[in-house]
Amino acid sequence: MDTKYIFVTGGVVSSLGKGIISASIGRLLQARGYKVTIQKFDPYINIDPGTLNPYEHGECYVTDDGFETDLDLGHYERFTGIHTTRNNSITTGRIYKTVIDRERKGDYLGKTIQVVPHITDEIKRRMLREDEKDEQLDFVITEVGGTIGDIESAPFMEAIRQLRWQLGRNAVCVHLTYVPYLKAADELKTKPTQHSVKELQSMGIQPDILVLRTERHLDDHMRMKVASFCNVDLECVVQSEDMPSIYEVPVNMQKQGLDAAILRKIGIPVGETPEMKAWHDFLDKQRNAKREVHIGLVGKYDLQDAYKSIRESLNLAGIYNDVKAKLHFVNSEEITEQNVAEKLEGLAGIVICPGFGTRGIEGKIIAAEYTRTHDIPTFGICLGMQMMVIEFARNVLGYKDANSREMDEKTPHNVIDIMEEQKSITQMGGTMRLGAYDCELKEGSRVYEAYGKENLIKERHRHRYEFNNAFKEEYEAKGMKCVGVNPAANLVEIVEIPEKRWYIGTQFHPEYSSSVLNPHPLFMSFVKECAQ
Ligand code: GLN
């Protein structure tokens, strides 16, 4: 079968959950046996979101091949279990950079370089995944960031228009819009949807399928109205009501026949509706997980999206442990020696979150000391692990001035040090130690057990600083063990204190590889201990 292309755009407002809809379509097509990938095109100029503050853009998600991407790729991976790559996350900046680099090389000698056709051609090339020629895919789902009508997304829309023309029935456009409910009038309003579709049509794109986001149920009359005003078949007007959990969305979309509508538009026989047993089993578990386990996220970003993958990994691990993980943000900037007991009161465990820079780190260190000395399950991730290591140096090894080189350039007790290869780096973008690296686990350790007695695992990284091996023996002698090491570079990737209930720090980010049908073993083990 030729590869088919599904384009997902959004209208009216942002934050409608295009990423969830794209991921759900991916999941539903997979359930029918198709090979799928999902990619995101973002209209901003940054080459990647790696240099963006989480306040701007939420979490930065990292792929196996070490690319810093949009957090929607996390949804794609969690829903579908696929591993995305650098070719699944494209920005306007990257498109322009490719074209401008080519121009400087002389590839277009004599020609004027223009948005149309040069930029749009490069967008099309990437939408068609021409750099992944060997890939055998049935479906490529392309989500375009932003909202219809944004000036900056116009070249992406033009590329979609041309591709639809070129690909004929092998391309389908799904447009997601919003149907607001006006309380005073007690009415749902479809006018913004009509305008949004008109805007798309004015760019030469007729959507095939409309997904209407709504807080209230839309009756058939409403759907009919939208269908007739927007030139869309009635069966292709699907509604996406607010769900108690995002993981209900694929099933809700299947019930309304979104996947069947896509197949029909393309001209593929629809066949039987797949039962998605594993997914339903998961949803049943989710509905039945009632007992709450309170877990603290100690970090500096008071924003849901900043620790998105950690939150989802904890939620998933909770569900598989038959409990509901109730997450509480604890602002590390506000934690002091005096109030730490009160701040962490009632929490069954804490995650010390990743991050950069000095803001809020002393609070993380105080929290790490409190949970270590009170034997409360603690999971340190990346900067969180580094703070556990510093706390141990200050309070157990007796080095009061212990710190990370990132925070203190001069301390003689730089228990966290800059990695050798990072010393000569001057450019910020895309230059950290990024992506999946091997890690050898020490037999008999807690993590070795958690990973099901695997000797060698692979996890994704995003950091410049690292445990300083000069102090390794002292740590081990005093009870903090280095139980995971990267064999090629001899870098410590995991520390644990075996005598504690659960006190583990990982230099890598396990949260990037937790999915709905495959929750991550470390989160599973951590939440299990918290639930005791
Ligand atoms: N700032 C730390 C480093 O660069 C930790 C990074 C992180 O938590 N992702 O090593």
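Listed values, structure above:
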{"item": "Estimated D of the stretch 141-286 in µm² per second, where Rh is the Kirkwood radius over Cα pairs and Stokes-Einstein applies at 20 °C, 1.002 mPa s", "result": "129 µm²/s"}
{"item": "Förster radius 30 Å - calculated FRET efficiency between E420 and K97, Cβ distance, rounded to 0.05", "result": "0.55"}
{"item": "Which of M224, M387, M419 has the fewest Cβ neighbours within 10 Å, and the rest in rising order", "result": "M224, M419, M387"}
{"item": "Residue order, fewest to most beta carbons within 10 Å, for H75, H118, H374, H461", "result": "H374, H118, H461, H75"}
{"item": "Relative counts (whole %) of C-alpha pair distances in the stretch 63-127, using bins that are 10 Å wide", "result": "19, 40, 25, 13, 2"}
{"item": "Between the stretch 363-378 and the stretch 163-189, the Cα center-to-center distance that results, in Å", "result": "49 Å"}
{"item": "Per residue, the convex hull volume that the Cα atoms of the stretch 136-227 enclose (Å³)", "result": "130 Å³"}
{"item": "Reciprocal of mean inverse Cα separation for the stretch 185-258 (Kirkwood radius, Å)", "result": "13.0 Å"}
{"item": "Potential lengthening between I268 and D219 on full extension [0.36 nm per residue; Cα-Cα distance subtracted]", "result": "14.8 nm"}
{"item": "Label zone at N518, where the point sits 7 Å out along the Cα-to-Cβ direction: the stretch 62-102 residues whose backbone N lies under 11 Å", "result": "78, 80-84"}
{"item": "At 1.002 mPa s and 20 °C, Stokes diffusion of the stretch 252-378 via Kirkwood alpha-carbon radius, µm² per second", "result": "124 µm²/s"}
{"item": "Computed over the stretch 437-481, the ratio Rg/Rh where both radii use C-alpha atoms and Rh is Kirkwood", "result": "1.01"}
{"item": "Where only alpha carbons of the chain are counted, the Rg and the Dmax (Å)", "result": "24.7, 74"}
{"item": "Inter-part distance where the stretch 125-148 and the stretch 318-344 are each reduced to a Cα centre, Å", "result": "40 Å"}
{"item": "Positive-pole candidate from Q39, A450, Q386, dipole of the chain, charges at beta carbon", "result": "Q39"}
{"item": "V330 long-range amide H proximity, modeled H, under 5 Å", "result": "L297, V298, G299"}
{"item": "Per-residue ³J(HN,Hα) for the stretch 95-111, Karplus 6.51 cos²θ - 1.76 cosθ + 1.60, θ = phi - 60°, Hz, x for Gly and Pro", "result": "4, 4, 4, 4, 5, 5, 4, 5, 4, 5, 5, x, 4, 10, 2, x, 9"}
{"item": "The chain: angle of helix 383-392 to the longest principal axis, Cα-based, in degrees nearest 10", "result": "10 degrees"}
{"item": "Karplus-derived HN-Hα couplings along the stretch 306-322 (A = 6.51, B = -1.76, C = 1.60, θ = phi - 60°), whole Hz, x at Gly and Pro", "result": "5, 10, 3, 5, 5, 4, 5, 4, 5, 4, 4, 5, x, 4, 6, 9, 6"}
{"item": "Quotient of C-alpha Rg and 2.2 N^0.38 Å, computed over the stretch 437-532", "result": "1.05"}
{"item": "Contact order normalised by residue count of the chain, Cα under 8 Å, 6+ apart, percent", "result": "15 percent"}
{"item": "Length added when fully stretched, R291-E409, from 0.36 nm per residue minus Cα-Cα", "result": "37.8 nm"}
{"item": "The stretch 387-445-the stretch 213-259 distance, computed between alpha-carbon centres (Å)", "result": "50 Å"}
{"item": "Partner lysines for K133 [C-alpha distance under 25 Å; skip if fewer than 8 residues away on the same chain]", "result": "K4, K35, K40, K97, K105, K124"}
{"item": "Linear extension gain, A489 paired with K453, 0.36 nm per residue minus alpha-carbon span", "result": "10.7 nm"}
{"item": "Residues of type lysines that K189 reaches as a straight line, Cα spacing below 22 Å, ignoring anything fewer than 8 places off in the same chain", "result": "K18, K198, K225"}
{"item": "Relative contact order (%) - the stretch 378-477, alpha-carbon pairs under 8 angstrom, separation at least six", "result": "27 percent"}
{"item": "Cα convex hull of the stretch 345-426, projected area averaged across orientations, nm²", "result": "5.9 nm²"}
{"item": "Size descriptor, Kirkwood hydrodynamic radius, that averages inverse alpha-carbon separations across the stretch 42-185, Å", "result": "17.0 Å"}
{"item": "Cα Rg, Dmax (largest Cα-Cα span) when computed across the stretch 415-468, Å", "result": "14.1, 41"}
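Computed from the coordinates by the stated procedures, all read-outs in this text should not be read as laboratory data. Keep in mind the model is a prediction, meaning the values are calculated, not measured. Quick reminder, even Gly has a Cβ in these numbers, built from the backbone with ideal geometry, and neighbours come from all protein chains shown.
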